[in-house]
Amino acid sequence: MNILVVVDVPSRWLKLAQFLRSTHYSPRLAENTIEAINLFPEVDLIMVDAELSSGGVELCRELRCRGYCRPLIVMALESLDDVRLSGADDWLEFPFYGPEVLLKVELLLTRYQMWTTQTMPRFCGSFCDIFPALDSDQPLEDRVKQRFDQ
């Protein structure tokens, strides 16, 4: 399984790549959003650093807007509202705890494989359909309240 890790801090990449390789996954590195957008069709799961200098949370939203329906994990120092509303399936907190990384990766990949083999209808809507006008100047919290108060 190919896992794309989007980070621009080398120490985070080295530790995570070493762990993923030891568990028989094939990690690939993207150091910015452009590389990630070019590589996302080729991977089974994406892990994005929320603190990415080119915008990690925004990258998650962009990937969903482009139709990426596979598992997406956002990595952050803490659970912030933006992280929780990024469109990711799950999140991990820095520093990593290896068994938790493995558990979340395996759970999301298994769930995705089960989801894609079902014959029943399923939702793979665009994140942009759920949260329109993400590029708005209005604060995210206000847009979310506005969306769900309708």
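Key figures
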read-out: Test: Gly98 is touching a residue at least 60 places away in the same chain (Cβ under 8 Å) and of a type in the set (Gly, Ala, Ser); value: yes
read-out: Filter pass, Ser54 being surrounded by 21 or more Cβ atoms within 10 Å (Cβ to Cβ) and either among the hydroxyl-bearing types (Ser, Thr, Tyr) or over 15 Å from the mean Cα position of the chain (by Cα) (or both); value: no
read-out: The stretch 52-107, subset part of a loop (DSSP other than H, G, I, E, B) and among the hydrophobic types (A, V, I, L, M, F, W, C), residue nearest to Ser22 (Cα to Cα); value: Phe96
read-out: Failed criterion for Phe40 (all others in (1) surrounded by fewer than 23 Cβ atoms within 10 Å (Cβ to Cβ); (2) farther than 18 Å from Tyr112 by Cβ; (3) among the hydrophobic types (A, V, I, L, M, F, W, C) hold); value: (2)
read-out: Failed criterion for Val48 (all others in (1) aliphatic (A, V, I, L, M); (2) over 22 Å from Tyr112 (Cβ atoms); (3) in contact with a Gly (Cβ under 9 Å, 6 or more places away or on another chain) hold); value: (2)
read-out: Failed item in (1) closer than 29 Å to Met114 by Cβ; (2) at pLDDT below 90; (3) of a type outside the set (Phe, Trp, Tyr), with Ser54 passing the rest; value: (1)
read-out: Filtered residues of the stretch 57-68 (kept if exposed (fewer than 15 other Cβ atoms within 10 Å of the Cβ) and touching a Phe, Trp or Tyr at 6+ places or on another chain (Cβ under 9 Å)); value: Arg66
read-out: Checking Ser26 against (1) surrounded by 14 or more Cβ atoms within 10 Å (Cβ to Cβ); (2) under 14 Å from Leu109 (Cβ atoms), the condition it does not meet; value: (1)
read-out: Filter result for the condition that a residue is touching a helix residue (DSSP H, G or I) at 6+ places or on another chain (Cβ under 9 Å), within 24 Å of Met114 (Cα to Cα) and crowded, with 21+ Cβ neighbours inside 10 Å, over Leu92, Leu72, Leu16; value: Leu72
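Every residue, every condition in (1) closer than 16 Å to Leu109 by Cα; (2) of a type in the set (A, V, I, L, M); (3) modelled with pLDDT of 90 or more, yes or no:
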{"position": "Met1", "(1), (2), (3)": "yes, yes, yes"}
{"position": "Glu31", "(1), (2), (3)": "no, no, yes"}
{"position": "Glu42", "(1), (2), (3)": "yes, no, yes"}
{"position": "Leu59", "(1), (2), (3)": "no, yes, yes"}
{"position": "Cys69", "(1), (2), (3)": "yes, no, yes"}
{"position": "Ile73", "(1), (2), (3)": "yes, yes, yes"}
{"position": "Ala76", "(1), (2), (3)": "no, yes, no"}
{"position": "Asp81", "(1), (2), (3)": "no, no, no"}
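The values are calculated or read from the model by the stated rules, or taken from the named source; none is laboratory data. Note that the coordinates shown come from a computational prediction; the quantities given were computed from them, not determined experimentally. So basically every Cβ, Gly included, is an ideal-geometry build from the backbone, and we count neighbours across all protein chains shown.
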